[in-house]
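Student: One structure is given below, represented as structure tokens, and several questions about it will come after.
The values are calculated or read from the model by the stated rules, or taken from the named source; none is laboratory data. Being a predicted model, the structure only gives us computed values, none of them experimental. Methodologically, a virtual Cβ is constructed for each residue, glycine included, from the backbone with ideal geometry; neighbour enumeration extends over all protein chains shown.
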Amino acid sequence: MIDPVFEPDDAEAATPARAGGRSIFAQRAMIDPVFEPDDAEAAALAQAGIRAIFEWLATPLSLQPTDELSPLRTHLAALREIPATAHQRADALEQLYTRSLSVVDKLIPTLKNVTLPIPRKTRHVVRSMQDLLQALAEDTQATLDNLDEHLIRGLRQAQDLALWRSLHALAQHLLISDLVASPASPGIWQQLHQSFRTASRLQLADSTPQGAPCSLRQTYYAALLLGCAQPASFTSREIAFVAEYLKRFADRAEPLPEAAPESPGAFWIHSLRDTPAFACSRKTAPSDPDIHYFSCDRLAILLETQLEALDAGRTPQQIELPEFAATPAGHGVLRRLANYWGHPGKRRFPRRRQNYRAALCSGLDSLWHLFQGDDTVETDVSSWMITNESPDGYTVMHVSGKTGKLRVGDITAIRTESGNDWQICLVRWALSENPEHLELGLQILASRAVPAILALPSETGDSENEALLPVLILPEIPMLRPSQTLVAPSGRLLDQHKKLVLVINQGNIEVREMKATQLDEQTGSVEVFSIEPDQQPY
């Protein structure tokens, strides 16, 4: 569990060895409002202030990483006020950056299993981490103005390292927003674009600073690619997997000439605006000299090749993928990424704003009991507001009731206040701007469902040890989906080519022998298969 951030009181903040607190000048000004130090006293106070920062940096890291956030932010703010020498300032900033990123790297994994909306204390930690990262990016970028090319050896090395650090801090800031399903903070995308614009102007975009794991361009493109992969459509654990994937393969994205490209995986950015990248197929770029294009075609081809290798039995390690790629959720993420980056489609239907209530039930087990009419099992039903709708889905905002462990990729059922039937939907995306806010995008899969039991034979062939798996059968939809579909827990149907024995008990017991024809959806919660009657003889 993440602990709340330590916030010092005035007495503690005034102790330099504890957290730096206010600068020496600010402390003296509070005691004596007309305080104006002379040159000698100002120099002494400045040295005391910078010494306090270095003394704190020499102390061991706190056992709880969250306890580091407030002191780091305080010392970073104090460094801005202290009239230290350029060498002292650069040395202190480098140590503060290194310590800050080590703390952030320890805290980010704790966000992989968050449930939405995230608790208030966790949100406070997130905000402190992001404030720290933004300040580091700003101060690191500002050091470029203080580099004297006549006095500093290796000027380009100092420039590319400062720019890489700025880009990396901003990319981590955006990653944290994606992990907690929150929109990016105002100004972050614009700051990211500006840092890379400066790197391009200095001809450092393809430089890899000493000690950095990748080039400035790869760091920048990794942030862009995560932003245009519809991060709200992934769980926090899936976001962490995508980020790890991009550390290895973001260099497959490539810049395009300054003209409207025709490739299916083309995206554009406006380097002066506070926006992520947009797919050219979904939104036309304005005519502007600050528009830049890049292509994900090579990356999409790589993803398709990797999926084929996994389907053929290769392990993730053999094709340089993170271990998560071996899971059903990992397969589903790779398939979606191949579509998002290689074939970003246009919206099929227009959306209409609405404002009426609906009830929501989530989770495959809950839906199975709901459609089975089992009154002995209590199912949690929460209240939501439909804010817009289209023929194939809804956007809903939570109003009241328990949401449970609802997450992206879950199966749900929704019933509007004016309707009697439950519609079966898949949670396509989730956003949570604060602890009281949760918004979902739902894709309608069917207007009704039939609960069934799927009999899975045991590995030993013992019929008494067969697994009985609750599943849902969704009817075909004329003109849209010609076959029935089966919704099953993710990862349980290991051999899709075997005969499926489905037992339906609605008044009379019915046994159906079916076969899966293709895998339509694959998430961390459920898998959706197209099915048809199995006509093969025994």
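Student: When the residues of the stretch 381-415 are filtered to those that are part of a loop (DSSP other than H, G, I, E, B) and over 28 Å from ARG336 (Cβ atoms), which remaining residue is modelled with the highest pLDDT?
Tutor: The first filter runs over the stretch 381-415 and keeps only residues part of a loop (DSSP other than H, G, I, E, B), leaving 391-392, 401-410.
In the following step, the residues that additionally are over 28 Å from ARG336 (Cβ atoms) were identified as 401-402.
Working: GLY401: 91, LYS402: 88.
For the stretch 381-415, the residue satisfying everything is GLY401.
Student: If you go through the stretch 372-421, how many residues are in contact (Cβ under 8 Å) with a residue 40 or more places away in the chain and either among the hydroxyl-bearing types (Ser, Thr, Tyr) or assigned by TED's automatic domain parsing to the domain that holds LYS112 (or both)?
Tutor: Selection size over the stretch 372-421: 8.
Student: Tally up the residues in the stretch 481-538 that are among the charged types (D, E, K, R), assigned to a strand (DSSP E or B) and within 30 Å of GLU238 (Cα to Cα), please. Even if it seems obvious, please write down each step before you answer.
Tutor: Of the stretch 481-538, the ones among the charged types (D, E, K, R) are 481, 492, 495, 498-499, 510, 512-513, 515, 520-521, 527, 532, 534.
Subset that is assigned to a strand (DSSP E or B): 481, 510, 512-513, 515, 520-521, 527, 532.
When the remaining residues are screened for being within 30 Å of GLU238 (Cα to Cα), the result is 481, 515, 520-521, 527.
So the answer is 5.
Student: Can ASP145 be described as assigned by TED's automatic domain parsing to the domain that holds LEU179, touching a Phe, Trp or Tyr at 6+ places or on another chain (Cβ under 9 Å) and part of a helix (DSSP H, G or I)?
Tutor: Values: assigned by TED's automatic domain parsing to the domain that holds LEU179: yes; touching a Phe, Trp or Tyr at 6+ places or on another chain (Cβ under 9 Å): no; part of a helix (DSSP H, G or I): yes.
Answer is no for this residue.
Student: Here is a further query. Checking the structure you have, find out if any residue of the stretch 99-108 is over 30 Å from LEU440 (Cα atoms), out of contact with any Phe, Trp or Tyr (no Cβ under 6 Å at 6 or more places or on another chain), small (Gly, Ala, Ser) and not in a helix (DSSP H, G or I). Steps first, please.
Tutor: Taking the stretch 99-108 as the starting set, the residues that turn out to be over 30 Å from LEU440 (Cα atoms) are 99-103.
When the remaining residues are screened for being out of contact with any Phe, Trp or Tyr (no Cβ under 6 Å at 6 or more places or on another chain), the result is 99-103.
Checking the rest, the ones that are also small (Gly, Ala, Ser) come to 100, 102.
Next cut, not in a helix (DSSP H, G or I) only: none.
Within the stretch 99-108, not a single residue is over 30 Å from LEU440 (Cα atoms), out of contact with any Phe, Trp or Tyr (no Cβ under 6 Å at 6 or more places or on another chain), small (Gly, Ala, Ser) and not in a helix (DSSP H, G or I).
Student: Which of the residues that make up the stretch 330-346 are part of a helix (DSSP H, G or I) and more than 14 Å from GLU527 (Cβ to Cβ)?
Tutor: We begin by selecting, within the stretch 330-346, every residue part of a helix (DSSP H, G or I); these are 330-342.
Within the stretch 330-346, LEU334, LEU337, ALA338, ASN339, TYR340, TRP341, GLY342 meet the criteria.
Student: I want to confirm something. Restricting to the stretch 351-389 and keeping residues that are among the β-branched types (Val, Ile, Thr) and surrounded by 14 or more Cβ atoms within 10 Å (Cβ to Cβ), which single residue is farthest from VAL526 (Cα to Cα)? Give the steps one after another, and end with the answer.
Tutor: Within the stretch 351-389, the first condition is being among the β-branched types (Val, Ile, Thr), and the residues that meet it are 376-377, 379, 381, 386-387.
Within this subset, residues satisfying the condition of being surrounded by 14 or more Cβ atoms within 10 Å (Cβ to Cβ) are 379, 381, 386-387.
On the way: THR379: 19, VAL381: 20, ILE386: 24, THR387: 26 Å.
If we take residues in the stretch 351-389 being among the β-branched types (Val, Ile, Thr) and surrounded by 14 or more Cβ atoms within 10 Å (Cβ to Cβ), then THR387 is farthest from VAL526 (Cα to Cα).
Student: Pairs needed: first member in the stretch 459-480, farther than 21 Å from LEU370 by Cα; second member anywhere, at pLDDT 75 or above and surrounded by 14 or more Cβ atoms within 10 Å (Cβ to Cβ); C-beta distance under 6 Å; at least 6 residues apart or different chains.
Tutor: GLU466/ALA455; ALA467/LEU456
Student: Just to be sure, is GLU244 surrounded by fewer than 20 Cβ atoms within 10 Å (Cβ to Cβ) and closer than 29 Å to ILE411 by Cβ? I'd like the intermediate steps shown before the answer.
Tutor: Numbers: surrounded by fewer than 20 Cβ atoms within 10 Å (Cβ to Cβ): yes; closer than 29 Å to ILE411 by Cβ: yes.
For GLU244, the condition - surrounded by fewer than 20 Cβ atoms within 10 Å (Cβ to Cβ) and closer than 29 Å to ILE411 by Cβ - is met.
Student: Considering each of GLN317, GLN306 in turn, give the residue that is part of a helix (DSSP H, G or I), over 27 Å from SER207 (Cβ atoms), free of Cβ contacts under 8 Å to residues at least 24 places away in the same chain and not assigned by TED's automatic domain parsing to the domain that holds SER525.
Tutor: Details: GLN306 fails: free of Cβ contacts under 8 Å to residues at least 24 places away in the same chain.
None of the others qualify; the one that does is GLN317.
Student: Further question: For the stretch 448-456, check the following and say yes or no: at least one residue is under 25 Å from SER177 (Cα atoms), in a strand (DSSP E or B) and at pLDDT 90 or above. Spell out how you get there, then give the answer.
Tutor: To start, the set of residues in the stretch 448-456 that are under 25 Å from SER177 (Cα atoms) comprises none.
Within the stretch 448-456, not a single residue is under 25 Å from SER177 (Cα atoms), in a strand (DSSP E or B) and at pLDDT 90 or above.
Student: If you check CYS280, CYS228, which single one turns out to be modelled with pLDDT under 95, in contact with a strand residue (DSSP E or B) (Cβ under 8 Å, 6 or more places away or on another chain) and either in the same structural domain as LEU136 (by TED's automatic domain parsing) or within 30 Å of VAL526 (Cβ to Cβ) (or both)?
Tutor: Values: CYS280 fails: either in the same structural domain as LEU136 (by TED's automatic domain parsing) or within 30 Å of VAL526 (Cβ to Cβ) (or both).
Testing whether each residue is modelled with pLDDT under 95, in contact with a strand residue (DSSP E or B) (Cβ under 8 Å, 6 or more places away or on another chain) and either in the same structural domain as LEU136 (by TED's automatic domain parsing) or within 30 Å of VAL526 (Cβ to Cβ) (or both) leaves just CYS228.
Student: Additional query: List, please: which pairs have Cβ atoms under 9 Å, are six or more places apart or on different chains, and start with a residue in the stretch 176-199 that is touching a residue at least 60 places away in the same chain (Cβ under 8 Å) and farther than 21 Å from TRP429 by Cα and end with one that is buried (at least 20 other Cβ atoms within 10 Å of the Cβ) and charged (D, E, K, R)?
Tutor: Listed by first residue and then by second, the contacts come to PHE196/ARG217.
Student: Restricting to the stretch 400-415, and then to whatever is of a type in the set (D, E, K, R) and in contact with an Asp or Glu (Cβ under 8 Å, 6 or more places away or on another chain), can you tell me which residue is surrounded by the most Cβ atoms within 10 Å (Cβ to Cβ)? Spell out how you get there, then give the answer.
Tutor: In the first step, residues of the stretch 400-415 are kept if they are of a type in the set (D, E, K, R); the result is 402, 405, 407, 410, 415.
Now narrow it down to the ones that are in contact with an Asp or Glu (Cβ under 8 Å, 6 or more places away or on another chain): 402, 415.
On the way: LYS402: 10, ARG415: 17.
If we take residues in the stretch 400-415 being of a type in the set (D, E, K, R) and in contact with an Asp or Glu (Cβ under 8 Å, 6 or more places away or on another chain), then ARG415 is surrounded by the most Cβ atoms within 10 Å (Cβ to Cβ).
Student: Say whether the condition of being within 30 Å of THR122 (Cα to Cα), surrounded by 17 or more Cβ atoms within 10 Å (Cβ to Cβ) and modelled with pLDDT of 50 or more is met by at least one residue in the stretch 15-22.
Tutor: No: the stretch 15-22 contains no residue that is within 30 Å of THR122 (Cα to Cα), surrounded by 17 or more Cβ atoms within 10 Å (Cβ to Cβ) and modelled with pLDDT of 50 or more.
Student: Ok, one more. Among the strands (runs of 3 or more DSSP E) contained in the stretch 202-300, which hold 1 or more residues that are β-branched (Val, Ile, Thr)? Give the derivation first.
Tutor: Details: elements: 254-256, 266-270, 291-295.
Answer list for the stretch 202-300: 266-270, 291-295.
Student: Filter the stretch 60-98 for residues that are under 21 Å from LEU161 (Cα atoms), of a type outside the set (A, V, I, L, M, F, W, C) and in a helix (DSSP H, G or I) and give the result.
Tutor: Result: ARG80, HIS87, GLN88, ARG89, ASP91, GLU94, GLN95, TYR97, THR98.
Student: Which of the residues belonging to the stretch 489-504 are without any contact (Cβ under 8 Å) to a residue 60 or more places away in the chain and of a type outside the set (D, E, K, R)? Explain how you work it out, then say what you get.
Tutor: Of all residues in the stretch 489-504, those without any contact (Cβ under 8 Å) to a residue 60 or more places away in the chain come to 492-504.
LEU493, LEU494, GLN496, HIS497, LEU500, VAL501, LEU502, VAL503, ILE504 - these are the residues of the stretch 489-504 that are without any contact (Cβ under 8 Å) to a residue 60 or more places away in the chain and of a type outside the set (D, E, K, R).
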